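Participant: Before anything else, here's the structure in question.
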Amino acid sequence: GNTHAPGGVGAVNPQHFDGNLTYAAGSIFEWDLNASGDNMAGMAYDMVGAGGAITVDTENTTFKIVFGDKVDMTDDFWSAPYVTHTWAMTSIFNKAFVGTSGFTTVATSRDVSQYGSFTISGTSLVYAAVPEPTSALAGLLLGAGLLRRRRQGVEASPQLETRQGVAASPRRDGSPCG
């Protein structure tokens, strides 16, 4: 397979083919992403069109994201806790792929794993941010506190005083004994 980089490496450009477009096994599609945004085809990221069919071999084809200088992974667009962004392949390519064809691997030009990850899900490219450690830790501690409070309420039943001054446990229905 070959590498296809529409508009050249580091430059965002729409590219159009009059005929069919096929990515054979071993092919790499290099997609330039030069801004934080998911709805700016041809301006913030590459777009490819074909007059004919677009086919992607389902054996060892790579969708490689090449980040431009304007992509700042610390920006809220990328790093807000639990954020997810989706680019439909039809917004990157001007039409749906033929049949069940699609890229099998996602690669990036720089390591972004501390911020999130990219995957291919059906007919979309999906970015999911890594949850912020402090948010995840706060949720875990809150859950543990509620669980402990509940257990303490079950284990420590209130003692009631009887007429003789001897402690007795309440009945299951909550009414006092004796």
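The values are calculated or read from the model by the stated rules, or taken from the named source; none is laboratory data. Remember, predicted model here, so these are calculated numbers, not experimental data. Note that each Cβ is placed from the backbone with ideal geometry, even for glycine, and that neighbours are counted across all protein chains shown.
Participant: Could we say that residue 123 is among the β-branched types (Val, Ile, Thr) and either at pLDDT 85 or above or loosely packed, with under 10 Cβ neighbours inside 10 Å (or both) here?
Facilitator: Considered against the rule, which asks whether it is among the β-branched types (Val, Ile, Thr) and either at pLDDT 85 or above or loosely packed, with under 10 Cβ neighbours inside 10 Å (or both), residue 123 comes out as yes.
Participant: May I pose another question? Looking at the stretch 83-104, I want the residues that are farther than 16 Å from residue 23 by Cβ and have a partner that is assigned to a strand (DSSP E or B) and among the hydrophobic types (A, V, I, L, M, F, W, C) with Cβ atoms under 6 Å, at least 6 apart or on another chain. Which pairs are those?
Facilitator: These pairs meet every condition: 83/129; 84/128; 86/126; 87/125; 91/41.
Participant: Only residues in the stretch 8-23 that are over 29 Å from residue 70 (Cα atoms) count as the first member; pair them with residues that are part of a strand (DSSP E or B) and modelled with pLDDT of 85 or more, Cβ under 6 angstrom, at least 6 apart or cross-chain, and list the lot.
Facilitator: The qualifying pairs are 21/50; 21/54; 22/55.
Participant: Let me ask something additional. Give 34, 94, 60 a once-over and let me know the one that is at positive phi and of a type in the set (S, T, N, Q). Lay out the reasoning, then the answer.
Facilitator: Details: 34 fails: at positive phi; 94 fails: at positive phi.
After applying the criteria, what remains is 60.
Participant: Still on this model: Across the stretch 93-111, what is the number of residues that are part of a strand (DSSP E or B) and under 19 Å from residue 130 (Cβ atoms)?
Facilitator: 3
Participant: Hey, could you check the stretch 78-93 for residues that are of a type in the set (Phe, Trp, Tyr) and surrounded by 13 or more Cβ atoms within 10 Å (Cβ to Cβ) and say which is farthest from the chain's Cα centre (by Cα)?
Facilitator: 93
Participant: For the stretch 70-92, which residues satisfy the criterion of being part of a helix (DSSP H, G or I) and at pLDDT 85 or above?
Facilitator: 76, 77, 78, 89, 90, 91, 92
Participant: Also, I was wondering about something else. Which of the residues that make up the stretch 1-40 are under 15 Å from residue 96 (Cβ atoms) and either part of a strand (DSSP E or B) or modelled with pLDDT under 80 (or both)?
Facilitator: 21, 22, 23
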